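The values are calculated or read from the model by the stated rules, or taken from the named source; none is laboratory data. Just so it is clear, the model here is predicted, and its values are computed rather than measured. No Cβ is skipped: glycine too gets one built from the backbone with ideal geometry, and neighbour counts run over all protein chains shown.
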């Protein structure tokens, strides 16, 4: 009994000494970042984006402003930035026409007024000097404090009237136009995608060939340059198992005017949509 206790104590002591030596041999931990972030409004959306060898955290606050958080000189740096390549946001400042004055886009539930969801587009007054603008009633819920500097440019009802979200795309090459894409969720089976016209006044459905207005997708998987031509493609995913999308995965490519369905994964074959079972009995008579 004493010998067994002796060996047990010896094994524990040996293991402890090995652990201490291993911990001492490891390099000391380094402080990566120091600082805190104080934003003027609560965070509404966030996503990570690769930048060089590291990653940058993008935030969208409730006033529609974008913030970029990164590490510089081992300190946490937060900078105001234009929202770019954001997927699934409901509002944000985005200079679509690249004139130096960001527009404010907001998707709002207007069902109380009988309209369903609508896309509201606001422009800064400096942006439209000398142009005739249709006088639309300015909403009381406008999210920015400097409301006197803005005008309501357009209010576009969503075709389905259901929930929707925005995708704001800035291409890698400056010569290519920026795009505002809207996913109009038509229900649990998915929704359709639209491009906002360059003048910000109307919705243009994606060009899906024979699937036009039937290509129900559940959402966007990513926005990335798949063929390395400097222009981003939009990768969607759907429910091909119940034949309401061309395939499980779809890729839309920019053709200079609109997004065109470029490739889809193979859809599943025919299946039984509805069936009723009976116990059939036959009686033969002579």
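Quick notes on this structure:
- In region 194-222, residue nearest to residue 248 (Cα to Cα) [restricted to those that are outside any loop (DSSP other than H, G, I, E, B) and modelled with pLDDT of 90 or more]: 207
- Region 158-176: number of residues that are closer than 18 Å to residue 233 by Cα and over 19 Å from the mean Cα position of the chain (by Cα): 4
- Pairing residues of region 51-76 that are in the same structural domain as residue 107 (by TED's automatic domain parsing) with residues that are at pLDDT below 75 and outside any strand (DSSP E or B), at Cβ distances under 7 Å and at least 6 apart in sequence or on separate chains, gives no pairs at all.
- Verdict on residue 193 being under 15 Å from residue 263 (Cβ atoms) and either out of contact with any strand residue (DSSP E or B) (no Cβ under 9 Å at 6 or more places or on another chain) or surrounded by 14 or more Cβ atoms within 10 Å (Cβ to Cβ) (or both): no
- Unique residue being touching a helix residue (DSSP H, G or I) at 6+ places or on another chain (Cβ under 6 Å), at pLDDT 80 or above and either within 23 Å of residue 183 (Cα to Cα) or in the same structural domain as residue 177 (by TED's automatic domain parsing) (or both) when the list is 101, 91: 101
- Of all residues making up region 116-133, the number that are in a loop (DSSP other than H, G, I, E, B) and either over 24 Å from the mean Cα position of the chain (by Cα) or modelled with pLDDT of 90 or more (or both): 5
- Check on residue 228, assigned by TED's automatic domain parsing to the domain that holds residue 160, at pLDDT 85 or above, surrounded by fewer than 17 Cβ atoms within 10 Å (Cβ to Cβ) and not in a strand (DSSP E or B): yes
- In the set (1) in a strand (DSSP E or B); (2) at pLDDT 80 or above, the condition left unmet by residue 46 is number (2).
- Test for residue 234: is it on the phi < 0 side of the Ramachandran plot and part of a strand (DSSP E or B): yes
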